[in-house]
Structures are given as C-alpha cells and as structure tokens.
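**Student:** Attaching a single structure in structure tokens format; questions to follow.
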Amino acid sequence: MARRMDSVAVSVLALTLACVGLTGCATKGFVKQQVADAKAYTDTKAGEVNGRVDQVGTKVDEVGTRADQANALAEQLATGQYTEIGTHQVQFAFDDYKLGSDATSVLDQVGGELAAHPRYALEVRGYADARGTDRYNYKLGRERAEEVVRYMMVHHNVPMTRIATISFGEESPVADNSSRDGRSQNRRVQVRVLELSASMTKPTAVIQNP
C-alpha cells in the first residue's frame, strides 16, 4: 500500500510539473505574440508618419513653385510683357458681389477665349461705387474680383495659374458717383484678357495692392 501511494504521489508530481511547463510555454508564446503585434503596429505608424512627412515636403515644394510663378507674372504685368487682347466688363448690384445672368454670359465668352489660347491670362480688376468707406469699398471690390475668379475656375476649368486679381475699390470710376446711373456703372469688374510673352508659359495667381 505504501509503495502504491508513493507511485501515485510521483505521478501527481510529474503531472504537476508538466502542467507548469506547459503554462510557462504558453506564457512565453503569448508574450512573443504581443511583442510581434506591437512591433507591427509601430512599423505601420512609422510608415504613416513618413508618408505624411513626404506629403508635407511635396506641398512645400508646390507652394515654392507657385510663389516663383507669381513673381514672374507680377513682373510681366508690371513691365508690360504682354499684349492686351481685350477687356470685358460685368456689373453688380449695390453692395453685392454675386454674379447675375448677364455677368455669367460675359464670363462664358471669356472662358471660350482662354480655352482656345493657352498663352492667354486674365487680370481681374474689382471696383465699387463711392458709397461706403474706402476700406469697405476696397474689400467689396476684392470680393467681386474673387467671385469672377471662382466662376472661371469652376465653370471653365481655368487654373489660378492663369489669373491675377486686384481691387481698386472706389478709385478710377468710369462715371459720376453723384448720380444713380453713374454709381451703377462703377459697380463692376473689368476682365482684361492678356497674351503673355513666350517666355512666360505658366503664370500664376497673384493678388496685388493698388
């Protein structure tokens, strides 16, 4: 009987040791898997960060290129290195910068000209009548010019690299601001169609101060 009990005890001890060994192996395997998962996650995030850094670098390069092109276009306009093809004019309601149907018809014609001539660029000049402060009228003239630019971009796929904008506010009126009809004529945007010299093939948008 004593020998049988000893045999059972040895068997239980062996089984216990075996279980402990299996548990140890399972724990080590779990840890290894967790480490592998953590490494994979870290590698993925590192790749995403590197990708974002590359994107930022690309955007910086694009901004630098556009700045160079803006300077080139501004220089050409300032030094007269272009031929003026024509000037179109659109009118606006009082204290408003939204385009009416007559204005969009004019701009559609301009869009056709640019589509047919890759070297054409636009100088968009915004104006206001004399009611209101100088600062407000300058802002309103800019908003009107920018609305024309948006229309040309959206409806005629004209890139900003072919457009320059400037606001004159209430300056350079074409009619007497003391009359209702005169003020109506002064609420306008002039769109100058320019053919740039051959050396300037990629003009860019530039906002100038009068």
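The values are calculated or read from the model by the stated rules, or taken from the named source; none is laboratory data. From a predicted model like this one, the values you see are computed outputs, not experimental measurements. Here Cβ is always computed from backbone atoms with ideal geometry, including for glycine, and neighbour counts include all displayed protein chains.
**Student:** Working only within segment 123-136, note down all residues that are under 17 Å from GLN190 (Cβ atoms) and either among the β-branched types (Val, Ile, Thr) or surrounded by 23 or more Cβ atoms within 10 Å (Cβ to Cβ) (or both).
**Tutor:** Within segment 123-136, VAL124, ARG125, GLY126, TYR127, ALA128, ASP129 qualify.
**Student:** Could you list all residues from segment 130-175 that are of a type in the set (Ser, Thr, Tyr) and in a helix (DSSP H, G or I)?
**Tutor:** Hits for segment 130-175 are TYR136, TYR138, TYR151, THR161.
**Student:** Collect the residues in segment 161-172 that are surrounded by fewer than 18 Cβ atoms within 10 Å (Cβ to Cβ) and under 19 Å from LEU140 (Cβ atoms), keeping them in residue-number order.
**Tutor:** GLU171, SER172
**Student:** Filter segment 63-109 down to residues that are charged (D, E, K, R), in a helix (DSSP H, G or I) and at pLDDT 80 or above, then give me how many there are.
**Tutor:** Result for segment 63-109: 2.
**Student:** Moving to a separate point now. Could you please find all residues in segment 168-191 being touching a residue at least 60 places away in the same chain (Cβ under 8 Å) and in contact with a Phe, Trp or Tyr (Cβ under 9 Å, 6 or more places away or on another chain)? Steps first, answer last, please.
**Tutor:** Here is the first cut: in segment 168-191, the residues touching a residue at least 60 places away in the same chain (Cβ under 8 Å) are 183-185, 187-191.
Within segment 168-191, ARG183, SER184, ARG187, ARG188, VAL189, GLN190 meet the criteria.
**Student:** Are any of the residues in segment 110-129 farther than 18 Å from GLU84 by Cβ, touching a residue at least 12 places away in the same chain (Cβ under 8 Å) and assigned to a loop (DSSP other than H, G, I, E, B)?
**Tutor:** Yes, segment 110-129 has at least one match.
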